[in-house]
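Data block below; observations after.
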């Protein structure tokens with residue numbers, strides 16, 4: 001009896017919704033909706049005790065009662081059983097997508113509508129939405145469409161619905177469906193496209209009469225050019241979900257958008273078009289001319305955009321690969337700085353992705369990160385912290401406040417991290433050659449994580465993590481034996497395969513064990529996996545010398561040594577490292593010819609370090625250069641570092657020669673040639 005009462009209440013609510021709809025007609029079709037509630041009403045023997053008098057009176061009016069008994073039932077909508085996996089996310093009616101239901105003020109500016117939408121945004125369940133509609137006075141088609149959209153937002157759960165059966169049987173929902181089906185010709189364009197989008201999100205059968213009528217009406221208005229930019233964008237998103245970017249009608253939508261003058265678009269419309277092109281992805285290349293115009297126009301609107309709008313455009317720039325629009329990206333990032341304290345995790349990730357994709361560093365943005373990330377390090381999502389560290393690593397930004405905060409939070413929070421997040425947060429310490437104050441705690445935590453979750457790491461991720469540790473002199477002795485095992489090497493080969501960089505990492509890891517961990521007694525790396533040079537195409541374990549700086553040093557060396565044949569350049573050692581300059585000395589300290597192989601007592605390795613070998617914002621040598629110089633010393637070389645920030649200060653050749661003499665021969669007098 002309880003269930004019957006509940007269903008009758010829904011039926012009563014549906015009748016009341018019909019009563020208050022402003023967009024009802026008085027013809028025969030309007031009364032067809034009464035058939036929807038017939039089953040529930042007939043099953044109750046005491047309607048007067050359950051229904052309010054006003055509903056009972058409505059049913060007893062002559063014409064209504066007559067039509068109700070004569071019209072057969074027609075199932076006009078069904079939820080699709082096989083719900084698609086691909087979704088576009090939540091979209092709003094011509095406002096910020098997904099969160100607020102803001103109406104187009106040109107069409108719907110009444111205070112009652114705004115008040116209803118305000119309450120609608122606060123609804124948490126479908127039941128609350130229908131109660132709100134039931135308690136309202138007469139409302140417009142746009143308000144009803146907004147209610148449908150809110151229902152879709154509540155019911156969507158990833159790529160499925162939370163309770164499709166309950167929604168399908170809800171009489172008030174059926175009443176809404178009936179009205180939108182039979183009144184499609186009278187709907188405003190805003191209500192029409194919003195209702196269509198909502199039904200698409202609810203997986204209503206595309207072949208149902210309801211959907212066919214809505215799509216047909218949209219096609220008619222599209223042909224007649226009766227839609228605004230906002231209507232076109234929401235229609236486009238609905239069509240993408242229905243048929244994908246290959247849909248003929250979707251291409252017509254984009255052509256119609258392209259026909260309109262961009263100079264007349266407001267910022268909200270610009271953002272919606274970017275989002276639509278981003279959602280279609282593959283179609284971006286076909287509309288590059290439109291994108292070029294939008295990119296140029298948007299540069300001048302950036303200061304007026306909201307934080308979310310800037311975020312949406314930045315994300316679209318990355319997805320659509322707008323590498324030629326760097327001025328727009330720089331401007332967006334510049335104006336995003338003030339929003340960093342209020343950024344959600346996802347918004348921060350979007351900006352960082354854009355900065356990495358376009359290879360741009362912004363000093364003010366980094367300052368904002370330094371002020372805010374340390375405060376939030378313990379509450380930010382692991383994915384967000386990983387992205388911050390990934391950005392610092394890629395742009396070679398050594399930020400002590402960020403790195404120290406991340407190291408501290410890692411010790412306490414990393415048990416819940418994925419293996420990928422663990423690696424992404426630790427690898428930058430190795431690349432940028434930095435040990436935080438809590439280095440002991442940090443690496444004990446890493447060791448514990450490796451011991452407990454070793455088998456969970458992907459082979460390449462594990463190799464990257466362990467290799468980053470040796471760059472800063474932290475040696476994973478307890479795990480290297482597993483890395484060199486035939487089983488792991490086979491896994492590594494079957495996964496991403498062996499490229500030159502992976503083999504170089506394995507070789508350097510093995511050489512580190514031999515040079516710096518004399519107690520290591522585990523298996524050796526088979527010779528077939530070893531490389532003869534650490535310089536590899538693309539990514540490399542050492543940097544080639546900068547030509548401009550090298551030429552200045554070379555000329556000064558010729559003046560110092562007396563001839564070019566007294567030093568060799570770009571010398572590959574038997575240990576895989578390439579020397580920028582090598583000078584050979586005999587036992588008495590005299591310089592030998594570079595070609596001489598006998599009587600060599602000392603070898604001087606000059607490391608000519610340009611800006612690329614340091615972090616971008618400090619004079620801290622990168623990890624790969626530090627391990628190279630450290631191991632060259634262990635191999636018997638006299639390593640002399642020539643950093644750019646010292647050599648570039650020298651004003652003339654005389655100063656350069658004197659500088660090199662003090663660096664290479666600090667304990668001997670210089671002879672004039």
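The values are calculated or read from the model by the stated rules, or taken from the named source; none is laboratory data. Computed from a predicted model, the values in this text were never measured in an experiment. Cβ sites come from the backbone with ideal geometry, for glycine too, and all protein chains shown count toward neighbours.
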Requested in this report: Evaluate segment 529-547: report whether one residue or more is in a helix (DSSP H, G or I) and under 30 Å from residue 451 (Cα atoms).
Outcome: yes
Query - Which listed residue, of 536, 507, is under 43 Å from the mean Cα position of the chain (by Cα), in contact (Cβ under 8 Å) with a residue 60 or more places away in the chain and not assigned by TED's automatic domain parsing to the domain that holds residue 656 - result: 507
Report task. Determine whether residue 173 is assigned to a helix (DSSP H, G or I), assigned by TED's automatic domain parsing to the domain that holds residue 117, under 30 Å from residue 225 (Cβ atoms) and modelled with pLDDT under 90. Result -> no
Report summary line: Of the candidates 126, 200, 212, the one satisfying the condition of being within 17 Å of residue 243 (Cα to Cα), surrounded by fewer than 22 Cβ atoms within 10 Å (Cβ to Cβ) and in the same structural domain as residue 251 (by TED's automatic domain parsing) is 212
**Report entry** Candidate set: segment 473-493, residues that are loosely packed, with under 15 Cβ neighbours inside 10 Å and under 33 Å from the mean Cα position of the chain (by Cα); chosen: the one farthest from residue 430 (Cα to Cα)
**Finding:** 490
Report task. Pick out the one residue from 540, 533, 485 that is under 30 Å from residue 583 (Cβ atoms) and out of contact with any strand residue (DSSP E or B) (no Cβ under 9 Å at 6 or more places or on another chain). Result -> 540
Query raised in the report: Could we say that residue 222 is surrounded by 17 or more Cβ atoms within 10 Å (Cβ to Cβ), within 21 Å of residue 358 (Cα to Cα) and either out of contact with any strand residue (DSSP E or B) (no Cβ under 8 Å at 6 or more places or on another chain) or in the same structural domain as residue 185 (by TED's automatic domain parsing) (or both) here?
Result: no
Report summary line: By residue number, the members of segment 637-673 that are assigned to a loop (DSSP other than H, G, I, E, B), within 48 Å of the chain's Cα centre (by Cα) and more than 18 Å from residue 556 (Cα to Cα) are 637
Query raised in the report: Residues in segment 251-268 that are part of a helix (DSSP H, G or I) and farther than 18 Å from residue 289 by Cβ: how many?
Result: 2
Report task. Sort through 579, 606, 634 and tell me the only one that's surrounded by fewer than 17 Cβ atoms within 10 Å (Cβ to Cβ), modelled with pLDDT of 95 or more and under 47 Å from the mean Cα position of the chain (by Cα). Result -> 634
**Report entry** Any hit, segment 438-447, residues being under 22 Å from residue 377 (Cβ atoms), outside any helix (DSSP H, G or I) and either at pLDDT 95 or above or out of contact with any helix residue (DSSP H, G or I) (no Cβ under 7 Å at 6 or more places or on another chain) (or both)
**Finding:** yes
Query raised in the report: Given the residues 388, 351, 373, which is the only one that is crowded, with 21+ Cβ neighbours inside 10 Å and either assigned by TED's automatic domain parsing to the domain that holds residue 328 or on the phi > 0 side of the Ramachandran plot (or both)?
Result: 351
Query raised in the report: Any residue at all in segment 130-137 that is within 33 Å of the chain's Cα centre (by Cα) and crowded, with 21+ Cβ neighbours inside 10 Å?
Result: no
Report task. Please tell me if residue 631 is in a strand (DSSP E or B) and under 30 Å from residue 518 (Cβ atoms). Result -> no
Query raised in the report: Does at least one position in segment 561-575 carry a residue that is touching a strand residue (DSSP E or B) at 6+ places or on another chain (Cβ under 8 Å), surrounded by 14 or more Cβ atoms within 10 Å (Cβ to Cβ) and part of a helix (DSSP H, G or I)?
Result: yes
Query raised in the report: Quick check, is residue 501 in a helix (DSSP H, G or I), out of contact with any strand residue (DSSP E or B) (no Cβ under 6 Å at 6 or more places or on another chain) and either modelled with pLDDT under 95 or within 13 Å of residue 460 (Cα to Cα) (or both)?
Result: yes
Requested in this report: Report yes if some residue within segment 490-498 is free of Cβ contacts under 8 Å to residues at least 60 places away in the same chain and closer than 29 Å to residue 611 by Cα; otherwise report no.
Outcome: no
Query - Test for residue 496: is it loosely packed, with under 14 Cβ neighbours inside 10 Å and touching a helix residue (DSSP H, G or I) at 6+ places or on another chain (Cβ under 6 Å) - result: yes
